[in-house]
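Asker: Before anything else, here's the structure in question.
The values are calculated or read from the model by the stated rules, or taken from the named source; none is laboratory data. All of these numbers come straight from a predicted model, not from anything done at the bench. Reconstructed Cβ throughout: ideal geometry from the backbone, glycine too, with neighbour counts over all protein chains shown. The area values use the complete protein model at the heavy-atom level, side chains included, leaving out ligands, DNA and RNA. Shrake-Rupley method; radii C 1.70, N 1.55, O 1.52, S 1.80 Å.
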Amino acid sequence: MYLTCLDMEGVLVPEIWIAFAEASGIPELKRTTRDEPDYNKLMNYRLGILKEHGLGLKEIQATIAKIDPLPGAKAFLDELRSITQVIILSDTFEQFAKPLMEKLGWPTIFCNTLEVAPGGEITGFQMRCPQSKLTTVKALQSIGYQTIAAGDSYNDLGMIQASKAGFLFKSTDQIKADHPELAAYEDFDQLLAAIKGAMA
Ligand SMILES: [Mg+2]
C-alpha cells in the first residue's frame, strides 16, 4: 500500500513568505527553507522582522488570500489522489494553509500551528514534532504504508531519502547539485509519471 507525501510550498503553491515579502516590501522576508536549513532559526528571524514592522497574522492572511496554487497543481493532485492516498507534509501553519487547501479541494495536510495574541501579533509557533516530515514518513511506514515523497527544500530531504521512492521537485540548483542521486523534476506530468512508475 502506497502513500504519497508532498511538500506544499514551492511544490503545490508559491512560497507564502516570498509573496508576503513582496506585498509588504520587506525583502528580508524572502529567506526560505531553500536558503536556511534551520527552520527554528528561520521562523524566529521572521517573527523578529514582523514585530519590528508591527505586522501580524491579519496582514499575512490578506496576502495568502490572493495566492493561487501553481498552474497545474490542483489537476495533478486530483489525479494523484485518484490512484494513491496523499498527505501534504508542510512546515507551514494551519492559520496560513487553510485558504490554500480550499483552493486545492481540501487535501489532507499535516502542519504546525502559530501562537497568536488577541491583537493579531504572532508571538510564537508550535511545531508538531522534531523533524516532522521524516518522523511522519517513518510513522506511516510503521503502520504498513510504503511512502513516496517529493519536495523542493532542505527540510524535505529526510522524507525523500527515507521513502521507497523520493523526488526533488522544482528544487534549487544547489540542492540538485548536492544530491545527484535524487531524480529531480520540474513539471507535474513528469512527477506524476515518476510516482506511477514507483508504484508499478
Ligand atoms: Mg517547499
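Asker: For segment 32-55, which residues satisfy the criterion of being assigned to a helix (DSSP H, G or I) and more than 16 Å from the ligand (Cβ to nearest atom)?
Answerer: 40, 41, 44, 45, 47, 48, 49, 50, 51, 52, 53
Asker: Could you list, in sequence order, the residues of segment 56-65 that are in a loop (DSSP other than H, G, I, E, B) and either in contact (Cβ under 8 Å) with a residue 40 or more places away in the chain or surrounded by 11 or more Cβ atoms within 10 Å (Cβ to Cβ) (or both)?
Answerer: Residue satisfying the conditions is 56 alone.
Asker: Looking at 150, 165, which one is within 18 Å of residue 81 (Cα to Cα), within 16 Å of the chain's Cα centre (by Cα) and open to solvent by less than 20 Å² (accessible area, probe 1.4 Å)?
Answerer: Of 150, 165, the one residue that is within 18 Å of residue 81 (Cα to Cα), within 16 Å of the chain's Cα centre (by Cα) and open to solvent by less than 20 Å² (accessible area, probe 1.4 Å) is 150.
Asker: So, one more: Give the residues of segment 73-94 that are under 28 Å from residue 37 (Cβ atoms) and either at pLDDT 95 or above or part of a loop (DSSP other than H, G, I, E, B) (or both), sorted by residue number.
Answerer: Residues satisfying the conditions are 73, 76, 77, 80, 86, 87, 88, 89, 90, 93, 94.
Asker: State yes or no: is residue 199 open to solvent by less than 10 Å² (accessible area, probe 1.4 Å), touching a residue at least 12 places away in the same chain (Cβ under 8 Å) and more than 30 Å from residue 51 (Cβ to Cβ)?
Answerer: The answer is no for residue 199.
Asker: Separate question: If I filter segment 168-196 down to residues being closer than 17 Å to residue 3 by Cα and among the small types (Gly, Ala, Ser), which single residue comes out as least open to solvent (accessible area, probe 1.4 Å)?
Answerer: Here the residue is 194.
Asker: Does residue 127 qualify as being of a type in the set (A, V, I, L, M, F, W, C) and either surrounded by fewer than 13 Cβ atoms within 10 Å (Cβ to Cβ) or farther than 22 Å from residue 44 by Cβ (or both)?
Answerer: no
Asker: Looking at residue 125, is it within 14 Å of the ligand (Cβ to nearest atom), over 19 Å from residue 1 (Cα atoms), touching a strand residue (DSSP E or B) at 6+ places or on another chain (Cβ under 8 Å) and touching a residue at least 12 places away in the same chain (Cβ under 8 Å)?
Answerer: no
Asker: Pairs under 7 Å by beta carbon, first residue part of a loop (DSSP other than H, G, I, E, B) and surrounded by fewer than 23 Cβ atoms within 10 Å (Cβ to Cβ) in segment 5-31, partner modelled with pLDDT under 95 and of a type in the set (Gly, Ala, Ser), six or more apart or different chains?
Answerer: Taking only residues 6 or more apart or on different chains, the pairs are 10/153.
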